[in-house]
Each structure stands twice: as C-alpha cells, then as structure tokens.
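Below is one structure, written out as structure tokens; comments come after it.
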Amino acid sequence: MNIKDKINEDLSPTRNLTGLHLKIVAGIAIIWSLFQLWYASPFPFMFDFGMFKGFPARAIHLGFALSLTFLIFPISKGKKISIIDIFISLVAAFCCLYIYFFYDQLVYRGGVLLNITLGENFNVPIELIIGISGILILLEATRRAIGLPLVIIAICFLLFSFFGQYAPDIISHGGLSLKRLVGFQWFDQEAIFGIPIGVSVDFIFLFVLFGALLETAGGGKYFLDLAFAMVGKMRGGPAKAAILGSGMTGLISGSSIANTVTTGTFTIPIMKKTGFSKEKAGAIEVSSSVNGQLMPPVMGAAAFVMASFIGVTYFEIVKHAFLPAVISYVALFYISHLEALKLNLKGMEAKDVPNLKKTFLAGLHFLIPIFVLIYLLVYLRFTASYSIFYATISLISVNLINKFIKEPNFKDALKIWFNQTIVGFEKGALNMVGVGIAIATAGVIVGAVGSTGLSTNLIIVIESIAKDNVIILLLLTIILCLLLGMGLPTTANYVVVASLMAAVLVDVGNASGFIFPLIAVHLFVFYFGLMADVTPPVGLASYAAAAISGGDPLKTGVQAFWYSLRTGVLPIVFLFNHELLLIGIENIWHALLVIVTSLTGILVFTAATQAWFINKLRWYEIVVFLFISISLLAPDFVLNKFYPKYDHKDLSKIHLLSLNSDQETRFKVTRLSEYGERYKLFVIEKNTYDDNFTLEDYGINFIEKDNNFIVDTLKWNGLAKKAGFETGDIISEFKIENLNRPNKAMVYPVAILFLLGFGYLNYKRRE
C-alpha cells in the first residue's frame, strides 16, 4: 500500500463498503458511540445500572476497535473482506470480552493464568491461548489499520521482554516467561490495557465524536467560511484563511492529515489562484493543519494521555500548552504575510469573500457547545470526561433546535437531525478505529518498558553516549521522534517516545545542570512528534497536501519543514525558559511581559528564517535578527554569556565556605559505575537553611585524592544523605548563585533597540 492510498484509506475507511456489510459496520460503529456516551454520562450512577469498571471498559473499547478493523480493512490492498476476516473479528471481540465477563476471577487470581483440565492429565492453558491470540490479532489489526512500522517496533519490544537475558549487559534483564509476558501484556492494567487506552476510553473517543458530530452538522465549513470572511481581503488572504481555519478546526480535530484534507480542499486551490506556487500553497496548509494539533483542547488527543502520564489535571496541560500554541500560530500567520510580500500578492476580491456578520450569525449555534466545553473545563473545572459529555449533548441539542428553526415541517426537521446525528456517531467511531488500535499497540511498548526496567537502563545508555552534554541528549530525542513519527500516528509516537525518553531527559538534563519540568519534557516530545507529519521523506500531511495541489510531495515537505522551523524552536526554548509554559509567573504584569516578548521573539525569528522583514534581509541582518529572537525568547541564555548565574568556587576551599540563605548552591557529581561515569546534580535551595550554613551542617565530608574531591562520609539521616549523595561521589563542580547578576529583563530593551535600529535600516532600503 503506497502512502497516498494509506491517506485515502485513513480518511475514508468505509469507502469501498456496500449493502449489508456497510450496514453491519455502521451498526457496530453507532453502538460503540452510544456505549462511550453512556460510559461517560452520570446515568449509570443515577440509575444504579450499566456501571463499568475501568479495566473491563477498556477491554470493551478495544473489542469494538479490533472488530471494526477486520470488517473494514482487508488483508491486503485490492482484496475484499472474507469469511476469515469476519471470523477473526469475532475472535478479537471474544478475547477482549473475556476480560469483561471474567474480570473478578482475574483479579482474584492475581495474575495467575487459568488452566482447564480435560480428563485426568491434559491441561489446556485457556487464558494463555486467549492472551496470545489477542496480542497477535492486535498486531495484525495494527498492520492493516496503521502500517508495518508500529508492528515491527512492538514485536521488538515483545522479543526484548522475552529474551531480555540475551540483550547487551547494559540493558539486560532476567527475561519474562511466556505466561508472565502474556499475563502482563493482556491481562494486566499496565500494558495494552494501561494508561493510554484508559485515556482513550475516558476522553479521546468523546472528543473525536464531538468533532465528527460538529463536522457532520456543518461546523467545519462554518469555521472555514468564517476564516475567509475575517482575513480573505488581506494580502495573501487565502493563506491566512487556511491558517485561521485550520486553527479553528484544530480545536476539535485530532488528525493533522484530516485537517489538511478538510480545509486544504478549499484553501489550496484558492491560494494557487491568487499567486502561490503549488508547493507553497500545500506547505502553508500542511503547517497550519499540523499546528492545529497544538491547539487546546484536543491537541491530537495527546493532551489527555499527557495528563495521565504526568499525574496532573487536564486543565494544567491546557494552561501550559496554550501560549506556545498561540505563538506558533501567530508566527505562521506572519510567514504567510511575508510570502505574500515577496510575491507581491493581493487579497481576494470583495465579491468572493463571505460577509463577516452574516457568516458569523449563520453558524453562531456551532460556537455554543464549544463555549460549554471551555466553560466546564476552565471555569467549573469539571473533569475532561464530564465536560466533553455535556458539550456533546449540548451540540446534539443545539443542532436539533437549529433544525426546528430552519425547517418548518416538524417531521422533516426531526428526520434531518436524526440522520446527521447517526452519521456523526458512525463517523466518530470509525475515526477512532485507527487511533484506538495505535494507542493499544503503543501500550505494548509502555508495558515492556515498565516490566523490564528499560527506562532506568536507558538513562545509563544515553549518559554513556551524551555524557553530560544536554545538546547531544536533545538531538538524540529529536531524531527518535522524527524517525518513529514516519511510521506512527502522532499520539502513538508521543506515547512511545515519552515512555522511553521522558525520564531520561529529566535525569540526564539534571546531570547537565538543567532543571527540566516534566510537563516541558512531555511537550517537547509531543512537538517533535508532530514535526514528523511534515518532515520528508515520509510526511503524510505533506503527501496529502501535494495530492490536492498537484505539486511535488518532496518539495512540499521541504517547504513545509522550513515553515515549521518555529514549531521546532519553541520546544527547545521552553525547555530552558519555563516562563513560556507559564511556569514561575508571579503576576499579571509578568505574564504580559512574557507574552509580548515571546510573540515578538518568534516573529523576529520567523523574519530571519524567511530572510525577509520589510524588505529582503542581508546575511548580517539575518544573524542580528536571530540574536534578537534568542534574546527575547531566552534572555537567561544571553545574559549568562556576560553575567553567569552561578560563580564557580575553588574546590580546595570547599570546607571553609559558609553559605548564605539567600543563595542557591549546586553540586555537580561524577559517580563511577560498571558502565562508566554517571552524572548527578544536587541543589541546596535558597531560603531552606540558616546563614553561615556549612557543608558539615549539610551532613557531608570530603577527602582529596588524586586531585579529586571525594565524598568520604555522610552524616546518618543528614540532609546530604537524604538528597541522594553516596560515599565515593566525586565533586566535579561547586557553584553558588551570583547575587550581583542583573535581572534578565535588562536583555529585553537591548534587544528591542537592536530591532528598531536594524528594522529602520531595512525599511530605508525599500524600493
């Protein structure tokens, strides 16, 4: 199956189905949607009926996804669904429903798999057979719905779990027996039926359903028309409309490819008509559609998994992710403006642009359920599950009222509403098939990492490669995200890389002297996973856009990658400048300062990468603009070059030092192990001790040996021992916070002066 065929199949999985086959698939899809609505609703608790525990609900959820996969996707391209596919579909449902019907027995046996005795001496390992069948069926479903890359990755992790004793020493483990492996992967809540699919059951399905119902009711077309009405007359209006429209649909869409096709069908031809090349028209649509997954509340469904992984509320994820998403979109908007300036393009003619007032009022009812969702999530702080349930019910209700208003005949209005709702139920469930399968298979990797201790061993491996160089660490993570993203859907890519690298980034980053918040690390992984949809040679969104524009897919991907550079810069920036994630914001004025400077910084960076400001930028102006952007986005980084945040202290005088309570103290430690050197950073936070605090008070003593200062003794139950110091640790660096360092805010006016000066010179060269 080639990429274009894969895109078409993903977007329309039932396009070749007819007759009874189509009705059966539609019926199962509708029942799945109804089940998810019931599960999310308060009705089971109100009526004390139909309550499902978490694990059995996950099993039912996957059962629907697996059954539909084998009824939709044939064994190979060009084949039809056969009786064997129907049989596998039934077996898949049985393997999942077994967990639902025998959940209590599974819990009672505590992971021991059941054997059935036939005769006197013949034991049938019934649950082992069910588990193996379920895993194999899941892998085959993944091959059909997603493709081979994810299957290969999952098989590698299964083999690693089983043959762990034969792996290289640095990552080896005892190896799991077949029974233990199957029991853990299929009959436990830590792997296939772990957190990722739990989040899929609780949140993701309903958000996808919400988007499908909104699209079916005409919401997608409304947002696009509204975007054209708002910005169509501007210079390069169609490109700006594409960006704005994709941003709005991105609020409810979980797929960058679907975003590209949905909005690109309208925007790309208009962009070409107004003067954009095929590749640039496609690239702008790709970049804006991929960015649609950055926008809360959906964020490609990854936000919900992220909240569960980190252990914070969904609202916290939205709060931290909001500013980078807005900044990224503003930058993309600016890119379209610069491209229009380069090509001297005009906006659309007034007669071709919808009236803003009429367009806005015509679809005002589409905004009501979105406001309901935001109000419940943000203001009332409802759970994401309850919020999206009530938002979905409000959408169905508002659509019904709208049909009664527009259609005078009561029966006709009711019929239209009913058909739209049923189609939305069907479409929502079918859109979830690939997502559900991908998430379940990603759970195989999560389970393998958890059962083998791989994440801990990976820290050692990465440290041996990167040492304490954080740049190498970040590059390794970026490469992993991009490579896996070539074959994995965004959410699955995020789950896999986050489970492998999140702890590594935090630990090794810490050893390098950087405190990376866990939310920043997870968003970093997520952003670069999104970049894979753009990055050549296999950027599926780029192929989808090229299919519409008629342009070259590779050139479209290269152009889209260039446009998306600001998406790649932002996660690197917010790893080091946490204020972009609204972490450490002290008051409203501080927040405004961060917003203004970061917006200005990303616009300047965009101008530099596009080599255009008011006029074409010369090479030295590009260098200056890059410096300005770094100064505005990461002022600490620039200030540290002139005024280091920490003063290095002479290790030979370490015993003589008395610490002041208003200064943070940092130890950098080298720890010898059988796999080479390990690195640790220990911090004594300021205002956590009294003045004239000594290292003896901290509970640590050193000896000098071979020009190294080594931890000799640790006070029993002392602060150093509690912090994690070990005897034999080598102190490689000792730093104390520099109180004479100016406030980093001083960088801002300097950067602005440079911007005004060089901006004026660029303006003076206008023709």
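The values are calculated or read from the model by the stated rules, or taken from the named source; none is laboratory data. Note that the structure is predicted; figures quoted are calculated from it, not measured. We place every Cβ from the backbone using ideal geometry, glycine too, and count neighbours over all the protein chains shown.
If only residues of segment 650-682 that are of a type in the set (A, V, I, L, M) and in contact (Cβ under 8 Å) with a residue 24 or more places away in the chain are counted, the one that is surrounded by the fewest Cβ atoms within 10 Å (Cβ to Cβ) is LEU672. Being under 26 Å from PHE45 (Cβ atoms), within 26 Å of the chain's Cα centre (by Cα) and aliphatic (A, V, I, L, M) holds for only one residue in VAL398, VAL372, and it is VAL372.
Residues are listed down the side, and each one gets a yes or a no for (1) surrounded by fewer than 19 Cβ atoms within 10 Å (Cβ to Cβ); (2) of a type in the set (Phe, Trp, Tyr); (3) more than 26 Å from PHE210 (Cα to Cα):
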site: VAL330; (1), (2), (3): yes, no, yes
site: LEU343; (1), (2), (3): yes, no, yes
site: ALA350; (1), (2), (3): yes, no, yes
site: VAL353; (1), (2), (3): no, no, yes
site: ALA362; (1), (2), (3): yes, no, no
site: VAL372; (1), (2), (3): no, no, no
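So for segment 697-706 (the condition being among the hydroxyl-bearing types (Ser, Thr, Tyr), over 17 Å from ARG666 (Cα atoms) and surrounded by 11 or more Cβ atoms within 10 Å (Cβ to Cβ)), does at least one residue qualify? Looking through segment 697-706, none of the residues is among the hydroxyl-bearing types (Ser, Thr, Tyr), over 17 Å from ARG666 (Cα atoms) and surrounded by 11 or more Cβ atoms within 10 Å (Cβ to Cβ).
Taking (1) within 23 Å of THR313 (Cα to Cα); (2) at pLDDT below 75 in turn, PRO517 satisfies each apart from (2). When the criteria are applied in full, VAL534 fails the requirement of being of a type outside the set (D, E, K, R) and part of a helix (DSSP H, G or I).
Every test in (1) of a type in the set (A, V, I, L, M, F, W, C); (2) over 30 Å from SER629 (Cα atoms); (3) touching a Lys or Arg at 6+ places or on another chain (Cβ under 8 Å) is passed by VAL711 save one, and that test is (3). If you go through segment 388-417 and keep only what is of a type in the set (A, V, I, L, M, F, W, C) and closer than 30 Å to ASP202 by Cβ, you end up with ILE388, PHE389, ALA391, ILE393, LEU395, ILE396, VAL398, LEU400, ILE401, TRP417. For segment 28-50, a residue qualifies if it is exposed (fewer than 13 other Cβ atoms within 10 Å of the Cβ) and part of a loop (DSSP other than H, G, I, E, B), and the qualifying residues are PRO42, ASP48, PHE49, GLY50. Confirm whether LYS319 is among the basic types (Lys, Arg), surrounded by fewer than 20 Cβ atoms within 10 Å (Cβ to Cβ) and over 28 Å from MET234 (Cβ atoms). Criteria met by LYS319. Check segment 276-287 and report whether any residue there is touching a helix residue (DSSP H, G or I) at 6+ places or on another chain (Cβ under 9 Å), closer than 28 Å to LYS555 by Cβ and surrounded by fewer than 17 Cβ atoms within 10 Å (Cβ to Cβ). For segment 276-287, residues touching a helix residue (DSSP H, G or I) at 6+ places or on another chain (Cβ under 9 Å), closer than 28 Å to LYS555 by Cβ and surrounded by fewer than 17 Cβ atoms within 10 Å (Cβ to Cβ): absent.
The residues listed here are VAL538, VAL558, VAL525, VAL534; of these, the one that is buried (at least 23 other Cβ atoms within 10 Å of the Cβ), more than 18 Å from VAL330 (Cα to Cα) and either modelled with pLDDT under 80 or more than 17 Å from the chain's Cα centre (by Cα) (or both) is VAL534. Out of segment 449-483, which residues are under 14 Å from the mean Cα position of the chain (by Cα) and at pLDDT below 75? Once the filter is applied, which keeps residues that are under 14 Å from the mean Cα position of the chain (by Cα) and at pLDDT below 75, segment 449-483 yields nothing. Within the bounds of segment 194-214, is there any residue that is at pLDDT 90 or above and more than 24 Å from GLY424 (Cα to Cα)? No, the conditions are met nowhere in segment 194-214. Only one of the numbered conditions (1) at positive phi; (2) touching a Leu at 6+ places or on another chain (Cβ under 6 Å) is violated by ASN344, and that is (2).
Elements of the type helices (runs of 4 or more DSSP H) sitting completely within segment 315-431 and holding at least 3 residues that are touching a residue at least 40 places away in the same chain (Cβ under 8 Å) and closer than 23 Å to LEU530 by Cβ: these cover 364-374. Going residue by residue through segment 233-255, is there one that turns out to be assigned to a loop (DSSP other than H, G, I, E, B), at pLDDT 85 or above, of a type outside the set (Ser, Thr, Tyr) and buried (at least 24 other Cβ atoms within 10 Å of the Cβ)? Checked against the condition, which is being assigned to a loop (DSSP other than H, G, I, E, B), at pLDDT 85 or above, of a type outside the set (Ser, Thr, Tyr) and buried (at least 24 other Cβ atoms within 10 Å of the Cβ), segment 233-255 yields no hits at all. Checked against (1) at pLDDT 85 or above; (2) surrounded by fewer than 18 Cβ atoms within 10 Å (Cβ to Cβ); (3) over 30 Å from PHE184 (Cβ atoms), ASN2 passes all but condition (1).
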